[in-house]
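See structure below.
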Amino acid sequence: MPTGDDMNRYASRTSDTWLANSADNWTGLIDRHCPHRRADMKFGFRETCGLRCCYHGWLFDHTGACVSQPFEETDDVEGRFKDKIRIKAYPVEVKGGLVWAYFGPDPAPLVPNYEPFEWGNGFIQIGFSEIPCNWFQCQENSIDPVHFEWMHSNWAAGKTGDTKSYAPTHLKVDFEEIEHGIVYKRIRADTNEANPLWTVGRNCLRPNSLFTGNYFEWRVPIDDGNTLSVGWFYNPVPQDMRPFK
Ligand code: FES
Ligand SMILES: [Fe+2]
């Protein structure tokens with residue numbers, strides 16, 4: 001699971017938050033800045049039940065509750081000032097090697113338990129890249145079969161004028177609405193209606209994902225002009241190496 005600085009580069013970039021791990025292994029997503037004097041929680045101390053601000057030592061748990069204020073508790077034992085203090089916190093779920101955060105109103109939905117997350121017997125690679133355009137332009141690509149022929153297959157040949165090497169052209173496309181999004185199908189000059197590209201197709205998952213069989217891609221908005229692309233790739237080991245851990 002990407003954690004620490006790697007993961008937090010994206011948490012901070014997309015939402016001004018900080019992904020905190022406690023010493024007893026909970027994961028929480030909290031405001032990047034302490035509600036006291038706005039110190040950066042990046043520099044906090046990882047403790048058993050939370051992340052302690054490095055400036056005056058206030059300690060926050062993964063729900064955002066302030067559970068310790070060393071000086072205030074000493075100065076006014078009965079005051080319980082900490083009960084009035086919260087840092088902004090968002091629910092997270094760890095699944096498929098990713099930390100999923102939810103920023104909407106309660107209740108938080110469960111992260112879909114997509115079957116590939118449980119496959120095992122293989123390797124998962126997760127890649128992050130920032131793309132300088134709106135997330136919806138990226139997601140539009142999730143339902144665009146024909147670009148595959150030109151953008152992916154014909155790129156090198158087209159650049160060198162080698163038109164004889166062009167890939168088989170698309171003859172027919174179709175789209176079918178399903179519970180989780182839209183399936184798109186294609187028939188190319190080298191396939192027919194018995195081919196999985198037509199019988200199975202590829203999935204454009206609502207609201208911001210593509211699933212092609214062993215690969216997900218989520219297009220996460222950073223702002224109106226920038227997107228964080230999260231790719232999830234499964235590579236199985238050969239049959240004769242299974243079971244494999
Ligand atoms: S700024 Fe965080 S405890 Fe004071
Ligand atoms: Fe593509």
To the nearest 0.05, the calculated FRET efficiency linking ASP162 and CYS133 through their beta-carbon distance, R0 being 30 Å, is 0.55
How large is the charge dipole for the range 143-245, taken about the Cα centre, if only the Cβ atoms of Lys, Arg (+1) and Asp, Glu (-1) carry charge, to the nearest 20 debye?
300
Percent relative contact order of the chain, based on C-alpha pairs within less than 8 angstrom and at least six residues apart?
15
For the chain, built as a Gaussian network whose Cα springs stay under 10 Å, the top-fluctuating residue of VAL92, VAL146, VAL183
VAL146
Over all Cα pairs of the range 118-245, how is the pair count split among 5 Å bins, expressed in % and running from 0 up to the last occupied bin?
2, 10, 14, 16, 17, 18, 14, 6, 2, 0
Label points 7 Å out from Cα along the Cβ direction at ASN235 and TYR55: separation in nm?
4.5
Cross-link partners among lysines for LYS84, C-alpha distance below 30 Å, same-chain residues fewer than 8 apart left out?
LYS42
Taking the range 8-144 on its own, what percent of its Cα-Cα pair distances exceed 25 Å?
40
Given contacts defined as C-alpha pairs under 8 Å and at least six residues apart, what's the relative contact order of the range 4-111, whole-number percent?
18
In deg cm²/dmol, rounded to 500, what helix-only [θ] at 222 nm does the chain give when every DSSP H run of at least 4 residues adds -39500 (n - 2.57) and the total is split over its residues?
-3500 deg cm²/dmol
Have a look at TRP18, TRP100, TRP218 and tell me which one the Gaussian network model of the chain (Cα, springs below 10 Å) gives the largest fluctuation.
TRP100
Distance between modelled label sites at ASP224 and THR48, nm, 7 Å Cα→Cβ extension:
5.0
Inter-centroid distance (Cα atoms) of the range 23-65 relative to the range 135-208, Å
46
Calculate, for ALA23 and ILE124, the FRET efficiency according to 1/(1 + (r/R0)^6) with r their C-beta to C-beta distance and R0 30 Å; round to the nearest 0.05.
0.70
Can you tell which of GLU177, GLU78, GLU217 shows the greatest fluctuation in a Gaussian network model of the chain with Cα springs below 10 Å?
GLU78
Each label sits 7 Å from Cα toward the beta-carbon; between VAL173 and PHE103 the label points are separated, in nm, by 3.0
Just need log10 I(q)/I(0) for the chain at q = 0.13 Å⁻¹, Debye formula, equal scatterers on the alpha-carbon atoms, no solvent, rounded to two decimals.
-0.94
Looking at this model, which pairs from LYS159/LYS185; LYS95/LYS159; LYS95/LYS185; LYS95/LYS172; LYS185/LYS245 are more than 31 angstrom apart at the alpha-carbon?
LYS95/LYS159; LYS95/LYS172; LYS185/LYS245
Singleton cysteines, the chain, no second Cys beta-carbon under 4.7 Å -> CYS49, CYS54, CYS66, CYS133, CYS138, CYS204
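Every number in this text was worked out from the coordinates using simple rules, so none of it is lab data. Model, not experiment: these values are computed from the prediction. Cβ coordinates were reconstructed from backbone atoms using ideal geometry, including for glycine residues, and neighbour counts include every protein chain displayed.
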